Amino acid sequence: MTDTPQLPDRPPRRLRTARQRRKQLVGLLFVAPALCLVLLFFVIPLGMAFWMSLHNWPLLGKPRFIWFGNYSRLFGDAQFWSSLRFTVYYTLIVTVAIFSVAFPLALFVEKARPLTKLYRTAFFLPVVVGFGSASLLWAWLLDVDSGLFSPAAYWLGLTAQKINLLADFDTTFWSIIIMVVWKTAGFNMIILLTGLQGISTEVQEAARMDGASPWQRFRRITLPLMRRTIALALILSVAGSMLAFDQFYIIADGGPQNSTITAVYWIFSQSFMSFHLGYGAALSMVLLAILVVISVVQLRLLRSPEGM
Amino acid sequence: MRIFRIAALAAAALGVLSGSALAQQKLTMWSRSSSEAFMPGLIKAFNETHKTQIELQIVPSSEMVQKYATAAAGGSAPDFVSLDLVYAPAFAKSGTLEDLTDLAKSLPYFEHLSKAHIGTGTYDGRIYALPMSADASVLLWNKKLFKQAGLDPDKGPTNWAEIEADAAKVNALGGDIRGFYFAGACGGCNAFTFMPLIWASGGDILVDGGKRAAIDTPQMHDAINFYRTLVAKGYVPESAKTDSGKNFFGGFATDKVGLSPIGAFAIGNLVKNYPQVEFGVTFIPGKDGGRASFAGGDNFVVTAGRDNLAAAKEFLEFVYSIEGQTLLAKGGSLPTRSDIAAEAIKGLDERYQIATEAMKMGRTPSSPVYNDVFNSSTGPWKQMLNEVFFGTDVDGSVAKAQASMQSILDAAAD
């Protein structure tokens, strides 16, 4: 008769589950304050917005329950779909533009050299200005008579007359893109900078010793190791751009000829100009769903092989 | 017996208390910020001479509708509101307003109160709003530039051909000077200044009691062509294309614009703040003559269910008295009672007389969905105007606006 190896003594099942339950309860207590805040300021308002979206809810008068009437109306709302198309187009362009500026800036300010701190501060400075204030500033800069760009170009003899940059779609659109890049590139620069600084210098050194060119080091080492940082910056940039409103409202007022109305502008217009609160809520729910899908797709695409 | 005496004394004391409470009734009133020049003075004068006291709160113009609607829904609305007259039908339809029909009809001068105000204040045959303050659209011309251009500085144009000819001559002065100004991306401003061109030419905007849009008409196309010509010939500054109303007044105040349709509010503002601008005031004409004006301003409304109609009547009687009308006129509002209007503006700038005459013929499209159709920056009116003034597809834009407006009106009628 051979002795079978004995497993170490384990607490009885009932005791184990009781301890686990207590542990879970303590954990729950720790997250409870945060959970309450999320519940109060996100889940409940979201639920209310959804409830509102099931009603014909005018600002004046009594709400009427209409099931999914607002959602079916939304499918035939040409302006909403055109606003959404414009928002996606803007998001693609502005995200590429921001990264094209923020990445070189991050690489530039990464290395310690004279005046690096000054550069970092200077590039980051526009970020601390609110979008509303920045838009007001640029609305003035772009003014055809009393602004800066148009009169300056005219006085310098670059244009035969003062050109109203906001009277044409292309000039309006690109003016706003430049403004947004000026305003947000510094923020993305800081995020990317933290990623860059997280890459071990030893890895870079080893690659250099092996004869890798700067471009090869950037492509094979810097970019792959920054995957997570880029994902974060990209998700923030895309989500922010999909929700763009202030700059198009303040600078262009959706013009010229309603060509720069973003999805949020349309929601604002339906909710607070036309006072169709139920329909505005339905539009918001659809935009939220679209944003969730876009963010999930981005996370999947940017997930590193070993997991995020 | 003693107990009875004490009870009688207590009842008497209560009566005195409640009586004094009535006499000292304190009511709240909201008015939008654009009335800041005259409403505080008017309320102060009323409070000084009446036992009923009104506490006035000025609300930013852009927030008034949301604020009042939200407060009414939450039961915290003020007793009285001075509300942009175009919103009166929407509030009346929602049941927010007290029926003022009997009060209105009891006023001996009811027939002389601004018809446009009463028109927008009437819903389903009942009167829910009465005139508070008024503004009428007129045409301003710059006398100094007219003189420099060789035109008669004392004679304003009386039809579209004359406007175009005058604008051409002023424009020919060169430099930054332009012949004509209008805020090309502002729905509300152009309701105020562009609609009269159509009315004075025999056309209309809303017909069948505000149930049908009449946008796609020969008069509308003529008026559009008139503005397009002014733009195409370079008489309109480049900035007008994107002016969403911020420069509605400022355009003419630059002293570099020959003609501009604008509100009577500009008269007092120019005299006070831009004394260097020498200007004349005339009526907005039709294609071949005629005249018309958009009646703007505020209506007085009472929040429903407050049981304060006696105080409302007391206040309105003061507003419509010669003292009230004079105070309004001095502060920059036109009188709202036509039979004493001439007396109320006596001693004021004589150009107010033209504006007062314009007010008498003033019109305002009335609809519970006025905001959706005309004021909203993404609404069909504003979208159409910007497209037809500066775009290429006039017929398509007008047809689209006609259909879009009609669908909004139809939806509101359901």
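Remark: the Cα gyration tensor places chain A in the oblate category, a/c being 1.5 or greater and a/b not exceeding b/c.
Partners of B:K330 within straight-line reach, counting lysines whose Cα lies under 20 Å from its Cα and excluding those fewer than 8 residues away in the same chain: B:K44, B:K272, B:K346, B:K360.
Counting only other chain Cβ atoms within 10 Å of each residue's Cβ, the peptide B:68-74 averages 2.
Taking a straight line from the alpha carbon of B:K155, these lysines sit under 21 Å away, with near neighbours fewer than eight places off in the same chain left out: B:K143, B:K144, B:K147, B:K169, B:K256, B:K287.
Here the protein assembly as shown is assigned +1 on the Cβ of each Lys and Arg and -1 on the Cβ of each Asp and Glu. Its dipole about the Cα centre then comes out at about 3260 debye. Taking the average, over residues, of other Cβ atoms within 10 Å as the packing measure, peptides A:125-135, B:348-358, B:187-197 rank B:187-197, B:348-358, A:125-135 from highest down. Starting from the Cα of A:K183, draw a straight line to each of the aspartates and glutamates and keep only those under 14 Å, dropping any in the same chain fewer than 8 residues away. In chain and number order, the partners are A:D246. When only the Cβ of Lys, Arg, Asp and Glu is charged (+1, +1, -1, -1), the dipole of the stretch B:221-295 relative to its Cα centre reaches about 100 debye. Of A:S146, A:M273, B:P275, which is farthest on the positive side of the dipole of the protein assembly as shown, counting Cα position, with +1 on Lys and Arg Cβ, -1 on Asp and Glu Cβ, and the Cα centre as origin? Positive-end residue among those listed: A:M273.
Summing +1 for each Lys or Arg and -1 for each Asp or Glu among the other residues whose beta-carbon sits under 11 angstrom from that of B:A161 gives -3. Across the stretch A:92-102, rounded Karplus estimates of 3J(HN,Hα) from the backbone phi angles (6.51 cos²θ - 1.76 cosθ + 1.60, θ = phi - 60°) give 4, 5, 5, 5, 4, 5, 5, 5, 5, 9, 5 Hz, Gly and Pro being marked x. When the Gaussian network model of chain B links Cα atoms closer than 10 Å, the mean-square fluctuations of B:D204, B:D166, B:D176 top out at B:D176. Counting only other chain Cβ atoms within 10 Å of each residue's Cβ, the peptide A:61-67 averages 2.
If you place +1 on the Cβ of every Lys and Arg, -1 on the Cβ of every Asp and Glu, and leave all else neutral, what size is the dipole of the stretch A:88-252 about its Cα centre, to the nearest 20 Debye?
640 debye
Sparse packing (at most 15 other Cβ atoms within 10 Å of the Cβ) combined with a DSSP loop state is found for the following trypsin sites (Lys or Arg not before Pro) in the stretch B:174-214: B:K211.
For the listed residue pairs B:K51/B:K313; B:K93/B:K246; B:K246/B:K382; B:K93/B:K211; A:K162/B:K241; A:K62/B:K93, the alpha carbons are over 20 angstrom apart in B:K93/B:K246. Counting Lys and Arg as +1 and Asp and Glu as -1 over every other residue whose Cβ lies under 15 Å from the Cβ of B:V388, the net charge comes to -1.
Distance from the C-alpha centroid of the stretch B:305-378 to that of the stretch B:277-302: 13 Å, rounded to the whole angstrom.
Calculated FRET efficiency, B:I58 to A:F41, Cβ-Cβ distance, R0 = 30 Å: about 0.40 to the nearest 0.05. Mean partner shielding of peptide A:270-281, defined as the number of other chain Cβ atoms within 10 Å of each residue Cβ, is 3. When only alpha carbons are used to place a centre, the stretch B:219-250 and the stretch A:70-142 end up 33 Å from one another. A dipole drawn for the stretch A:178-270 from +1 and -1 charges on Cβ atoms has a positive end, and of A:S241, A:M226, A:A207 the residue lying farthest that way is A:A207.
Helix screen, chain B: DSSP H segments with Cα axial length of 27 Å or more and mean Kyte-Doolittle hydropathy at least 1.0 are B:2-23.
Quick note: the coordinates plus some simple rules give every number you see, no bench work behind them. Source: prediction; values computed, not measured. As a convention, Cβ positions derive from the backbone with ideal geometry for all residues, glycine included, and neighbour counts pool all protein chains shown.
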